[in-house]
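Notes follow once the structure below has been shown.
Derivation of every value follows stated rules applied to the coordinates shown; laboratory data play no part. Note that this is a predicted model, so its numbers are computed, not measured. In this analysis, Cβ positions are derived from the backbone assuming ideal geometry, glycine residues included, and neighbour counts consider all displayed protein chains.
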Amino acid sequence: MSLSPAELLATIDHAILKPDCTYSDVMYACRMGRAYLLASVCVPPIWASMAVQELSGAETPVSSVVGFPYGFVTSETKAAEAVALVAQGCAELDMVMNISALRSGRLDMVISDIAAVAQSMGACAEGPRLKVILETCYLDEQQISQAVDAAVQAGAQYVKTSTGFGPHGATVEHVALLRRLAPPHIGVKAAGGIRSLAELQGFIAAGADRIGTSATEAIIEQLQAGSGHGHL
């Protein structure tokens, strides 16, 4: 299926999560999210409330992260983070799965960890979406299957490949695998290392519903160049 430039931009969660990002970087990202109707702008928790204010009235919501980037803080900590972020107005949260527990064969811990966040989000407000970052670069195919099952069972709306802080980010093969494993109502998000329009389109073709990237400006420039117009 061929998507229009606007439809492609509407798949992007623009991430501003590098350790050296500044308040000005976050505000600039919010203005870009508003201007181009991105799927969301994903910001560090410390800047979430300011981003929500900046995007007040916009179609693009604010998302943030939980247990980021390693996923091995306690479930109680993750749930508290989720409560605070949803209360501040975040519409979506990307939580890092307990990778250590999964690799240890403790699926019970993985499920309860995700469920703690999902339930805490439900207690705050209706409608916030939960994406579970599996960090597939650390997992084999069987573990990826177990992780998808755990996320679905625990109440997530999306499964996501990567934080962007692991040895590598999304691969087309992992996105296609997630799409095969996840039920149709569960979204798939590709993230980590996606720097170009061609890569974005490749991941969508492989089955991704959302694209996490910090290279949104470059992708917009490529879309503009391809359209033959100076603006979208």
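If both residues of a DSSP beta bridge must be in the chain, then about 0% of such bridges are antiparallel.
The simple Förster model, with R0 at 25 Å and r as the Cβ-Cβ distance, assigns residue 87 and residue 218 a FRET efficiency of 0.15.
Exposure proxy ranking for 109, 97, based on other Cβ atoms within 10 angstrom of each Cβ and starting from the fewest, stands as 109, 97. The residue list 197, 142, 132 was ranked by how far each Cα lies along the charge dipole of segment 131-232 toward its positive end, using unit charges on Cβ atoms, and 132 comes out on top.
Only residues of segment 77-105 count here: report those whose backbone N is under 19 Å from the spot 7 Å along Cα→Cβ of residue 58, or say none. Zone members listed by number: 85-94.
On the beta carbon distance between residue 80 and residue 198, with R0 = 41 Å, the FRET formula returns roughly 0.55. Taking 152, 96, 41 in turn, the Gaussian network model of the chain (Cα-Cα springs below 10 Å) assigns the largest fluctuation to 152. The angle separating the long axis of helix 107-124 from the principal Cα axis of greatest extent in the chain is about 60 degrees. Taking the chain as the reference, fit the longest principal axis to its C-alpha atoms, fit the long axis of helix 23-36 to the helix C-alpha atoms, and give the angle between the two in degrees, 0 to 90, nearest 10. Once rounded, one gets 70 degrees.
The ranking of 93, 3 by Cβ neighbour count inside 10 Å, starting from the fewest, reads 3, 93. Between helix 75-87 and the chain there is an angle of about 40 degrees, using the helix long axis and the longest principal axis of the Cα atoms.
Using Cβ point charges alone (K and R +1, D and E -1), the dipole size of the chain about the Cα centre works out to roughly 80 debye.
Between residue 31 and residue 172, full extension at 0.36 nm per residue minus the direct alpha carbon distance yields a gain of 47.7 nm.
Close Lys pairs in the chain, defined as Cα atoms under 14 Å apart and 8 or more places apart or on different chains, number 4.
For the chain, the longest piece that avoids every one of the GluC sites (Glu not before Pro) found in DSSP loops with at most 14 other C-beta atoms within 10 Å covers 127-232. Convex hull of alpha carbon positions in the chain: directionally averaged projected area 11.6 nm².
Measuring between their Cα centroids, segment 24-44 and segment 170-209 lie 22 Å from each other.
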